[in-house]
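The values are calculated or read from the model by the stated rules, or taken from the named source; none is laboratory data. Predicted model, so just to flag it, every value in this text is computed and none were measured. Neighbour counts run over all protein chains shown; Cβ positions are idealised from the backbone, glycine included.
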């Protein structure tokens, strides 16, 4: 049980760092959304933002459910890996899932809906979006900038290590989440400061208008 908790916690912290600090301020976010396109498509708030019709909503939910099952199966293979290996595998899985989701969603979404979905994803992913090859290419990041951003991401991960534990009270976990939110904000600010004026302009275009992501309530909650 303790190992299972540590495994979930390790993956959870990676995803939590992917959420932009502005999540709590109306620019996007969510507890463990991580910017996965399929998960976002299954969210009622995102569906409303994309202005999906009833048929599209059904198709989006179906795609989200199928993808969620694939991810659960894939994560079984992560057991036994150390935290760094799990993080790498999770990033690889997310890239593969997002690519397949875009291809599938493109069959029922309008072009402008696909664009907005990607903007929301970048907002939710926050600092981790800068590891996306497409984002790096569009921003024309230099090797030095990539290295600096990776260092900031590692520093943020280290700062969050140990903030959560299975023995914490609800109040302690709330305090830990507040601390992580502040660390996310600081990390994203540091990354954006590494961008030149043109890159910052492009980044704002990539994330689009602010969107407040709220996870749907769990069934029976």
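Going through segment 162-182 one residue at a time, which ones are closer than 30 Å to residue 50 by Cα and either touching a residue at least 24 places away in the same chain (Cβ under 8 Å) or surrounded by 13 or more Cβ atoms within 10 Å (Cβ to Cβ) (or both)?
177, 180, 181, 182
So residue 204 clears everything in (1) modelled with pLDDT under 90; (2) in a helix (DSSP H, G or I); (3) surrounded by fewer than 14 Cβ atoms within 10 Å (Cβ to Cβ) except one condition, right? Which one?
(1)
Can you say whether residue 138 is within 12 Å of the chain's Cα centre (by Cα), surrounded by 14 or more Cβ atoms within 10 Å (Cβ to Cβ) and more than 27 Å from residue 161 (Cα to Cα), as far as the supplied structure shows?
It is false that residue 138 is within 12 Å of the chain's Cα centre (by Cα), surrounded by 14 or more Cβ atoms within 10 Å (Cβ to Cβ) and more than 27 Å from residue 161 (Cα to Cα).
Go through segment 98-116 and give me each residue that's in contact with a helix residue (DSSP H, G or I) (Cβ under 6 Å, 6 or more places away or on another chain) and within 30 Å of residue 160 (Cβ to Cβ).
Matches in segment 98-116: 98, 101.
Any residue at all in segment 121-129 that's surrounded by 12 or more Cβ atoms within 10 Å (Cβ to Cβ), at pLDDT 90 or above and farther than 30 Å from residue 179 by Cβ?
Among the residues of segment 121-129, not one is surrounded by 12 or more Cβ atoms within 10 Å (Cβ to Cβ), at pLDDT 90 or above and farther than 30 Å from residue 179 by Cβ, which makes the answer no.
Restricting the search to segment 146-156, which residues are surrounded by fewer than 18 Cβ atoms within 10 Å (Cβ to Cβ) and in contact (Cβ under 8 Å) with a residue 40 or more places away in the chain?
Within segment 146-156, 148 is the sole residue that qualifies.
Within segment 184-212, which residues are under 21 Å from the mean Cα position of the chain (by Cα) and free of Cβ contacts under 8 Å to residues at least 40 places away in the same chain?
Residues satisfying the conditions are 190, 192, 193, 200, 204, 205.
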